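The values are calculated or read from the model by the stated rules, or taken from the named source; none is laboratory data. Keep in mind the model is a prediction, meaning the values are calculated, not measured. Backbone-built Cβ (ideal geometry, glycine too); neighbour counts: all protein chains shown. Side chains included, ligands, DNA and RNA excluded: accessible areas come from the protein's heavy atoms. Shrake-Rupley method; radii C 1.70, N 1.55, O 1.52, S 1.80 Å.
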Amino acid sequence: MSTRTVVPARAAWSSMIRAGESLTLTDLHGNQAVDFLVYDAHDTAVRYSAPDTIHAQGGIFLTTGSVLMSNEHTPLMTVTADDVGRHDTVGGACSKESNTLRYGHHTWSQHACVDNFLAEGARHGLGKRDLVSNINWYMNVPVEKDGTLGIVDGISAPGLALTLRAERDVLVLVSNCPQINNPCNGFDPTAVEMTITGKNT
(Lines give C-alpha, C1' and ligand atoms only; values in the text may rest on other atoms or scores of the structure.)
Protein backbone atom coordinates (compact mmCIF):
# COMPACT_ATOMS: atom_id res chain seq x y z
CA MET A 1 0.00 0.00 0.00
CA SER A 2 1.27 3.49 -0.81
CA THR A 3 0.22 7.07 -0.07
CA ARG A 4 0.92 9.80 -2.61
CA THR A 5 0.94 13.54 -1.90
CA VAL A 6 1.69 16.34 -4.36
CA VAL A 7 3.49 19.16 -2.57
CA PRO A 8 2.76 22.47 -4.32
CA ALA A 9 5.49 24.88 -5.36
CA ARG A 10 6.98 26.76 -2.38
CA ALA A 11 5.08 24.61 0.15
CA ALA A 12 6.16 22.51 3.15
CA TRP A 13 5.36 18.88 3.98
CA SER A 14 6.09 16.45 6.79
CA SER A 15 5.35 12.87 7.73
CA MET A 16 6.41 10.05 9.98
CA ILE A 17 8.00 7.20 8.02
CA ARG A 18 8.00 3.89 9.90
CA ALA A 19 11.03 1.64 10.04
CA GLY A 20 11.21 -0.38 6.82
CA GLU A 21 8.89 1.93 4.89
CA SER A 22 10.14 3.83 1.85
CA LEU A 23 9.74 7.47 0.84
CA THR A 24 10.01 8.32 -2.87
CA LEU A 25 10.49 11.94 -3.95
CA THR A 26 9.58 12.65 -7.58
CA ASP A 27 10.65 15.81 -9.39
CA LEU A 28 7.47 16.26 -11.43
CA HIS A 29 8.57 19.11 -13.70
CA GLY A 30 12.38 19.00 -13.47
CA ASN A 31 15.10 21.00 -11.69
CA GLN A 32 13.15 21.51 -8.44
CA ALA A 33 15.27 21.55 -5.29
CA VAL A 34 13.75 19.81 -2.26
CA ASP A 35 15.21 20.81 1.11
CA PHE A 36 15.05 17.91 3.56
CA LEU A 37 15.51 17.26 7.28
CA VAL A 38 15.03 13.98 9.16
CA TYR A 39 14.74 13.22 12.88
CA ASP A 40 14.28 10.13 15.04
CA ALA A 41 10.48 10.16 15.41
CA HIS A 42 10.67 9.20 19.09
CA ASP A 43 13.58 11.44 20.10
CA THR A 44 14.01 14.49 17.87
CA ALA A 45 17.28 15.35 19.63
CA VAL A 46 18.63 12.59 17.38
CA ARG A 47 18.61 14.16 13.92
CA TYR A 48 20.34 14.25 10.55
CA SER A 49 23.98 15.23 10.74
CA ALA A 50 25.76 16.43 7.62
CA PRO A 51 29.26 15.92 9.14
CA ASP A 52 28.48 12.36 10.25
CA THR A 53 26.92 11.51 6.88
CA ILE A 54 29.81 12.98 4.87
CA HIS A 55 32.38 11.27 7.11
CA ALA A 56 30.66 7.89 6.94
CA GLN A 57 30.50 7.79 3.16
CA GLY A 58 33.71 9.66 2.41
CA GLY A 59 32.13 12.23 0.09
CA ILE A 60 29.79 15.22 0.01
CA PHE A 61 27.30 14.07 -2.65
CA LEU A 62 24.44 11.65 -1.99
CA THR A 63 23.20 8.89 -4.29
CA THR A 64 22.16 5.22 -4.23
CA GLY A 65 23.69 3.51 -1.21
CA SER A 66 24.23 6.71 0.79
CA VAL A 67 23.17 6.42 4.43
CA LEU A 68 21.79 9.50 6.20
CA MET A 69 23.51 9.43 9.58
CA SER A 70 22.40 11.03 12.84
CA ASN A 71 24.37 13.19 15.25
CA GLU A 72 24.87 9.96 17.23
CA HIS A 73 26.44 8.37 14.12
CA THR A 74 23.52 5.96 13.70
CA PRO A 75 21.59 5.39 10.44
CA LEU A 76 18.29 7.21 9.89
CA MET A 77 17.53 6.49 6.23
CA THR A 78 19.26 4.89 3.24
CA VAL A 79 19.03 5.96 -0.41
CA THR A 80 17.92 2.78 -2.20
CA ALA A 81 17.30 4.23 -5.69
CA ASP A 82 18.28 7.43 -7.47
CA ASP A 83 17.56 8.51 -11.04
CA VAL A 84 19.75 11.64 -10.81
CA GLY A 85 23.03 10.42 -9.33
CA ARG A 86 24.14 13.36 -7.20
CA HIS A 87 22.50 15.45 -4.48
CA ASP A 88 23.81 18.28 -2.30
CA THR A 89 24.77 18.23 1.40
CA VAL A 90 26.51 21.61 1.76
CA GLY A 91 24.38 24.31 0.10
CA GLY A 92 22.09 24.83 3.07
CA ALA A 93 18.56 26.22 3.20
CA CYS A 94 17.63 29.62 1.83
CA SER A 95 16.46 32.19 4.38
CA LYS A 96 15.43 35.82 4.39
CA GLU A 97 18.84 36.65 5.85
CA SER A 98 20.89 34.73 3.27
CA ASN A 99 18.74 36.01 0.41
CA THR A 100 19.30 39.59 1.56
CA LEU A 101 23.05 39.05 1.87
CA ARG A 102 23.40 37.33 -1.52
CA TYR A 103 20.80 39.07 -3.66
CA GLY A 104 19.93 42.42 -2.02
CA HIS A 105 17.46 43.93 0.43
CA HIS A 106 14.62 43.82 -2.11
CA THR A 107 14.43 40.03 -1.50
CA TRP A 108 13.65 40.36 2.24
CA SER A 109 9.92 39.70 1.84
CA GLN A 110 10.39 36.59 -0.30
CA HIS A 111 9.36 33.24 1.20
CA ALA A 112 12.28 30.93 2.05
CA CYS A 113 12.99 27.33 3.10
CA VAL A 114 13.78 28.30 6.70
CA ASP A 115 10.25 29.76 6.94
CA ASN A 116 8.84 26.46 5.68
CA PHE A 117 10.93 24.40 8.11
CA LEU A 118 9.91 26.58 11.07
CA ALA A 119 6.21 26.48 10.23
CA GLU A 120 6.11 22.75 9.50
CA GLY A 121 8.42 21.87 12.37
CA ALA A 122 6.18 23.76 14.81
CA ARG A 123 3.45 21.20 14.07
CA HIS A 124 5.75 18.61 15.67
CA GLY A 125 7.06 20.68 18.57
CA LEU A 126 10.26 21.71 16.80
CA GLY A 127 11.72 25.22 16.85
CA LYS A 128 14.61 27.21 15.44
CA ARG A 129 17.14 25.42 17.69
CA ASP A 130 16.11 22.14 16.06
CA LEU A 131 17.05 23.22 12.52
CA VAL A 132 20.35 21.78 11.34
CA SER A 133 22.25 21.72 8.05
CA ASN A 134 19.91 20.08 5.55
CA ILE A 135 20.03 17.96 2.43
CA ASN A 136 19.10 19.52 -0.92
CA TRP A 137 17.71 16.78 -3.14
CA TYR A 138 18.07 17.57 -6.86
CA MET A 139 20.19 20.68 -6.22
CA ASN A 140 23.42 20.96 -8.20
CA VAL A 141 26.23 22.44 -6.09
CA PRO A 142 29.57 21.51 -7.69
CA VAL A 143 32.74 22.03 -5.67
CA GLU A 144 35.84 23.16 -7.55
CA LYS A 145 39.41 22.03 -6.87
CA ASP A 146 40.12 25.27 -4.99
CA GLY A 147 37.17 24.61 -2.67
CA THR A 148 34.77 27.17 -4.13
CA LEU A 149 31.21 26.14 -4.79
CA GLY A 150 28.19 27.56 -6.54
CA ILE A 151 24.52 26.86 -7.13
CA VAL A 152 24.17 26.16 -10.84
CA ASP A 153 21.68 24.71 -13.32
CA GLY A 154 20.17 21.45 -12.10
CA ILE A 155 20.81 18.01 -13.57
CA SER A 156 17.34 16.62 -12.85
CA ALA A 157 14.48 16.30 -15.34
CA PRO A 158 10.70 15.76 -15.23
CA GLY A 159 9.74 12.49 -13.56
CA LEU A 160 13.12 11.65 -12.05
CA ALA A 161 12.86 10.16 -8.58
CA LEU A 162 14.83 8.97 -5.58
CA THR A 163 13.80 6.54 -2.85
CA LEU A 164 14.86 6.34 0.78
CA ARG A 165 14.25 3.51 3.24
CA ALA A 166 13.68 4.36 6.88
CA GLU A 167 16.10 2.49 9.16
CA ARG A 168 14.03 3.45 12.22
CA ASP A 169 10.82 5.42 12.74
CA VAL A 170 11.68 8.89 11.44
CA LEU A 171 10.05 12.28 11.10
CA VAL A 172 10.75 13.93 7.75
CA LEU A 173 10.41 17.68 7.11
CA VAL A 174 10.43 18.97 3.54
CA SER A 175 10.56 22.45 2.07
CA ASN A 176 9.74 22.47 -1.62
CA CYS A 177 12.23 25.25 -2.24
CA PRO A 178 10.70 28.65 -3.14
CA GLN A 179 14.01 30.22 -4.26
CA ILE A 180 13.75 32.41 -7.40
CA ASN A 181 17.11 34.23 -7.24
CA ASN A 182 19.39 31.39 -8.38
CA PRO A 183 19.07 28.44 -10.80
CA CYS A 184 18.33 25.74 -8.17
CA ASN A 185 14.67 25.69 -9.31
CA GLY A 186 15.22 26.98 -12.84
CA PHE A 187 13.96 30.34 -11.48
CA ASP A 188 10.44 28.84 -11.49
CA PRO A 189 9.50 26.70 -8.44
CA THR A 190 7.22 23.74 -9.24
CA ALA A 191 5.42 20.88 -7.49
CA VAL A 192 6.97 17.61 -6.35
CA GLU A 193 5.43 14.32 -5.25
CA MET A 194 5.98 12.34 -2.04
CA THR A 195 5.09 8.63 -2.01
CA ILE A 196 5.22 6.54 1.18
CA THR A 197 5.29 2.80 0.55
CA GLY A 198 4.84 0.12 3.18
CA LYS A 199 7.69 -2.30 3.88
CA ASN A 200 5.67 -5.27 2.60
CA THR A 201 4.60 -3.59 -0.64
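Surface composition of segment 158-201: carbon and sulfur make up 50 percent of the accessible area, probe 1.4 Å. Around the amide H of L160, modelled in the peptide plane, lie the amide H atoms of D27, all under 5 Å away and 5 or more residues distant in sequence or on another chain.
Among the protein heavy atoms, those of V192 account for about 0 Å² of accessible surface (1.4 Å probe, every chain in place). At a probe radius of 1.4 angstrom, the accessible area of the chain per residue rounds to 44 square angstrom.
Out of A33, S98, H124, whose Cα points farthest toward the positive end of the dipole of the chain (charges: +1 Lys, Arg; -1 Asp, Glu; placed on Cβ)? Farthest towards the positive pole: H124. What percent do you get for the relative contact order of segment 128-201 when only Cα pairs under 8 Å and 6+ apart count? Relative contact order for segment 128-201 comes out at 23 percent. Computed about the Cα centre, the dipole magnitude for the chain is approximately 260 debye when only Lys and Arg (+1) and Asp and Glu (-1) carry charge, each at its Cβ.
Under the classification rounded if a/c is under 1.5, otherwise prolate if a/b is larger than b/c and oblate if not, where does the chain fall, given a ≥ b ≥ c as square roots of the Cα gyration tensor eigenvalues? It is rounded, given that a/c, with a ≥ b ≥ c, falls under 1.5.
The heavy atoms of T100 present about 20 square angstrom of accessible area, all protein chains included, probe 1.4 Å. Ignoring ligands, DNA and RNA, what percent of the accessible area of segment 1-153 is carbon or sulfur (1.4 Å)? So the carbon and sulfur contribution to the accessible surface is 53 percent. Of the residues S15, S133, ranked by 1.4 Å probe accessible area with the largest first, the sequence reads S133, S15. Each of V84, T53, C113 was scored by the projection of its Cα onto the charge dipole of the chain, and the greatest displacement toward the positive side belongs to C113; charges sit on the C-beta of Lys, Arg, Asp and Glu.
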